[in-house]
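Take this structure, written in structure tokens, and hold onto it; I'll ask about it next.
The values are calculated or read from the model by the stated rules, or taken from the named source; none is laboratory data. Only a predicted model underlies this, so the values are computations on that prediction, with no experimental measurement involved. Please note: Cβ atoms are built from the backbone with ideal geometry, for glycine as well, and neighbour counts cover all protein chains shown.
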Amino acid sequence: MTAGVISEMSKASSFLDILEDHIKTHTGSRISRSKYGVGKDIGGVIYVHKNYASEVVPPEIWKSATSLVPKGFTYNTIVYSPKVHTIRFDEAPDFDKAREPIPGDIITINYETGFVDKMKHSDSIWHHKWLWVKDDYKGFDVDASREWSRKWTSKFKETAIGRLSHWKQQLSKYGIE
């Protein structure tokens, strides 16, 4: 090992910091894909694009849950909650187009009991959609999405959750477009 690499290793919080350029939240937490290599993990709940659901959800659970999705309901993303035995199917109509997409119409299914929660609508926004897919995803520019996350997280001083109107106010506050 060269002296430069050793010096960089001593500055890094871990060897992974040398290998990857991690994006961090305002509190210093790393923003990275779930343990499955795809998906956004928030407290053990995995948000993932439907193309990668089979990499996160066990096959027998996926088969059970998808058989209960009402006919004609189209979804782009899912939210897998193994602790409470549910999969939420999200319409996510602007997932490929919007920087911060919305869930849209949602249906939650308990794959153990077979209970199908009635359709609801959510206009919350999601951040870091690049986590939900792999780098080979063709629906949007994954690298550009990752760079967008890097740009705004480097400037924000608080958590950026909520509705689109609040998000736009925060972008304006920090001079980000």
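Looking at Ser10, Ser54, Ser32, Ser81 in this structure, which one is within 23 Å of Lys129 (Cα to Cα), at pLDDT below 95 and either of a type in the set (S, T, N, Q) or surrounded by 11 or more Cβ atoms within 10 Å (Cβ to Cβ) (or both)?
Working: Ser10 fails: within 23 Å of Lys129 (Cα to Cα); Ser54 fails: at pLDDT below 95; Ser81 fails: at pLDDT below 95.
Sole residue among the options that is within 23 Å of Lys129 (Cα to Cα), at pLDDT below 95 and either of a type in the set (S, T, N, Q) or surrounded by 11 or more Cβ atoms within 10 Å (Cβ to Cβ) (or both): Ser32.
Can I ask one more? Which condition does Val69 not pass, out of (1) in contact with a helix residue (DSSP H, G or I) (Cβ under 9 Å, 6 or more places away or on another chain); (2) at pLDDT 95 or above; (3) not in a strand (DSSP E or B), if it passes all the others?
Of the numbered conditions (1) in contact with a helix residue (DSSP H, G or I) (Cβ under 9 Å, 6 or more places away or on another chain); (2) at pLDDT 95 or above; (3) not in a strand (DSSP E or B), the odd one out for Val69 is (1).
Within segment 94-112, does at least one residue satisfy the condition of being outside any strand (DSSP E or B), of a type in the set (S, T, N, Q) and without any contact (Cβ under 8 Å) to a residue 60 or more places away in the chain?
No, the conditions are met nowhere in segment 94-112.
Six or more apart or on different chains, Cβ atoms under 9 Å: show the pairs whose first residue is in segment 134-152 and modelled with pLDDT under 95 and whose second is of a type in the set (S, T, N, Q).
Hits for this filter: Trp152/Gln170.
Got at least one residue in segment 134-143 being on the phi < 0 side of the Ramachandran plot, part of a helix (DSSP H, G or I) and buried (at least 17 other Cβ atoms within 10 Å of the Cβ)?
So far as segment 134-143 goes, yes, one or more of its residues are on the phi < 0 side of the Ramachandran plot, part of a helix (DSSP H, G or I) and buried (at least 17 other Cβ atoms within 10 Å of the Cβ).
Could you please give the count of residues in segment 113-132 that are in a loop (DSSP other than H, G, I, E, B), farther than 17 Å from Ile61 by Cβ, touching a residue at least 12 places away in the same chain (Cβ under 8 Å) and not hydrophobic (A, V, I, L, M, F, W, C)?
3
While we're here: Could you check how many residues of segment 73-93 are outside any strand (DSSP E or B), under 19 Å from Tyr137 (Cβ atoms) and either touching a Ser or Thr at 6+ places or on another chain (Cβ under 8 Å) or not hydroxyl-bearing (Ser, Thr, Tyr) (or both)?
Step one: of segment 73-93, the residues outside any strand (DSSP E or B) are 73-76, 82-85, 91-93.
Those left that are additionally under 19 Å from Tyr137 (Cβ atoms): 74-76, 91-93.
Applying the additional criterion that residues be either touching a Ser or Thr at 6+ places or on another chain (Cβ under 8 Å) or not hydroxyl-bearing (Ser, Thr, Tyr) (or both) yields 76, 91-93.
Matching residues across segment 73-93 total 4.
When both residues are 6+ apart or on different chains and their Cβ atoms are under 6 Å apart, which pairs have a first residue that lies in segment 59-79 and is under 12 Å from Asp90 (Cα atoms), and a second that is in a loop (DSSP other than H, G, I, E, B) and among the charged types (D, E, K, R)?
Between residues of segment 59-79 that are under 12 Å from Asp90 (Cα atoms) and residues that are in a loop (DSSP other than H, G, I, E, B) and among the charged types (D, E, K, R), the close pairs are Tyr75/Glu91.
Which of (1) surrounded by 15 or more Cβ atoms within 10 Å (Cβ to Cβ); (2) over 30 Å from Gln169 (Cα atoms) is the odd one out, the single condition Thr74 does not satisfy?
Going through (1) surrounded by 15 or more Cβ atoms within 10 Å (Cβ to Cβ); (2) over 30 Å from Gln169 (Cα atoms) one by one, Thr74 breaks only (1).
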